[in-house]
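Here is the structure we will look at, set down as structure tokens.
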Amino acid sequence: MTTEEEENPTDTGAPAESEPAEAAATEPDERDARYLRLAADFENFKRRKGQELADARRYESEDAAVALLPVLDNLRRAVEHASEAGAEEFFVSGLQLVVREFETALERLGVVPVPAAGERFDPAIHDAIAADESDEVDEDTVAAELVPGYRLHDRLLRPAIVRVVRPRTTAANS
């Protein structure tokens with residue numbers, strides 16, 4: 001008998017009897033781990049779906065609000081021009097009342113105006129269509145709001161269209 005045979009006399013190339021026992025012992029552990037992963041995946045799925053449903057409810061009025069903003073703009077223009085055109089005071093005050101009710105209805109839906117005039121220019125919420133230079137400002141500032149912008153909660157519906165005032169550049173800075 002050689003030394004190898006003495007060390008392992010039953011080595012026939014087949015797995016030892018302890019290996020199936022070990023495999024049987026690790027099988028429940030693997031099943032438990034798979035079950036825990038599946039349970040965690042399902043909890044994550046439920047959480048994501050809940051968040052998606054909450055977002056859908058929160059922003060469900062977005063399309064309607066976007067469609068109604070031009071109507072509000074036109075009502076405001078009508079109020080501005082009605083008095084200039086010599087319309088009766090009761091007619092102008094009626095239009096103003098409709099504009100206020102419209103704004104109140106939009107606010108109840110969560111639609112609020114974007115701050116503009118006098119604010120620091122922010123390209124994320126303002127669209128600049130003109131720029132002037134001035135010594136009176138240190139940074140780009142909104143000088144006038146031409147068309148108001150609106151948000152629905154934290155989502156921008158429409159940027160404010162503005163005119164911007166920039167700090168004057170000198171020849172040395174150019």
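List the residue pairs whose Cβ atoms are under 9 Å apart, where the first residue sits in segment 117-140 and is loosely packed, with under 13 Cβ neighbours inside 10 Å, the second is among the β-branched types (Val, Ile, Thr) and in a loop (DSSP other than H, G, I, E, B), and the two are 6 or more positions apart or on different chains.
From segment 117-140, the pairs are Glu133/Thr169.
Taking Ala54 as the residue in question, decide whether it is in contact with a strand residue (DSSP E or B) (Cβ under 8 Å, 6 or more places away or on another chain), outside the structural domain of Ala128 (by TED's automatic domain parsing) and under 15 Å from Arg155 (Cβ atoms).
No: the conditions fail for Ala54.
Answer with yes or no whether Thr104 is under 21 Å from Glu80 (Cα atoms), exposed (fewer than 12 other Cβ atoms within 10 Å of the Cβ) and among the polar types (S, T, N, Q).
For Thr104, the condition - under 21 Å from Glu80 (Cα atoms), exposed (fewer than 12 other Cβ atoms within 10 Å of the Cβ) and among the polar types (S, T, N, Q) - is met.
Looking at segment 105-159, what strands (runs of 3 or more DSSP E) fall wholly within it and have at least 2 residues that are basic (Lys, Arg)?
The qualifying strands (runs of 3 or more DSSP E) are 155-158.
Among the residues of segment 112-119, are any within 30 Å of the chain's Cα centre (by Cα) and at positive phi?
yes
Hey, could you check segment 120-174 for residues that are aliphatic (A, V, I, L, M) and touching a helix residue (DSSP H, G or I) at 6+ places or on another chain (Cβ under 7 Å) and say which is nearest to Leu68 (Cα to Cα)?
Checking each candidate, the answer is Leu157.
I'm told Phe90 meets every condition in (1) more than 24 Å from Leu156 (Cβ to Cβ); (2) among the aromatic types (Phe, Trp, Tyr); (3) surrounded by 10 or more Cβ atoms within 10 Å (Cβ to Cβ) except one. Can you identify the failing condition by its number?
Every listed condition holds for Phe90 apart from (3).
Every residue in segment 61-76 that is surrounded by 11 or more Cβ atoms within 10 Å (Cβ to Cβ) and either more than 14 Å from Tyr150 (Cα to Cα) or without any contact (Cβ under 8 Å) to a residue 60 or more places away in the chain (or both), please.
Within segment 61-76, Ala64, Leu68, Pro70, Leu72, Leu75, Arg76 meet the criteria.
Can you tell me how many residues within segment 23-53 are surrounded by 10 or more Cβ atoms within 10 Å (Cβ to Cβ), modelled with pLDDT under 85 and of a type in the set (Gly, Ala, Ser)?
1
Answer with yes or no whether Val147 is surrounded by 13 or more Cβ atoms within 10 Å (Cβ to Cβ), modelled with pLDDT under 85, of a type in the set (A, V, I, L, M, F, W, C) and touching a Lys or Arg at 6+ places or on another chain (Cβ under 9 Å).
When the stated conditions are applied, Val147 does not pass them.
Return yes or no: is Ala160 of a type in the set (Gly, Ala, Ser), in contact with a Phe, Trp or Tyr (Cβ under 9 Å, 6 or more places away or on another chain) and either buried (at least 17 other Cβ atoms within 10 Å of the Cβ) or modelled with pLDDT of 85 or more (or both)?
Yes; evaluated as a whole, the condition is true for this residue.
Has segment 7-22 got at least one residue that is β-branched (Val, Ile, Thr) and at pLDDT 70 or above?
Checked segment 7-22: no residue is β-branched (Val, Ile, Thr) and at pLDDT 70 or above.
The values are calculated or read from the model by the stated rules, or taken from the named source; none is laboratory data. None of these values were measured; they are calculated from a predicted model. Cβ atoms come from the backbone with ideal geometry, glycine included; neighbour counts cover every protein chain shown.
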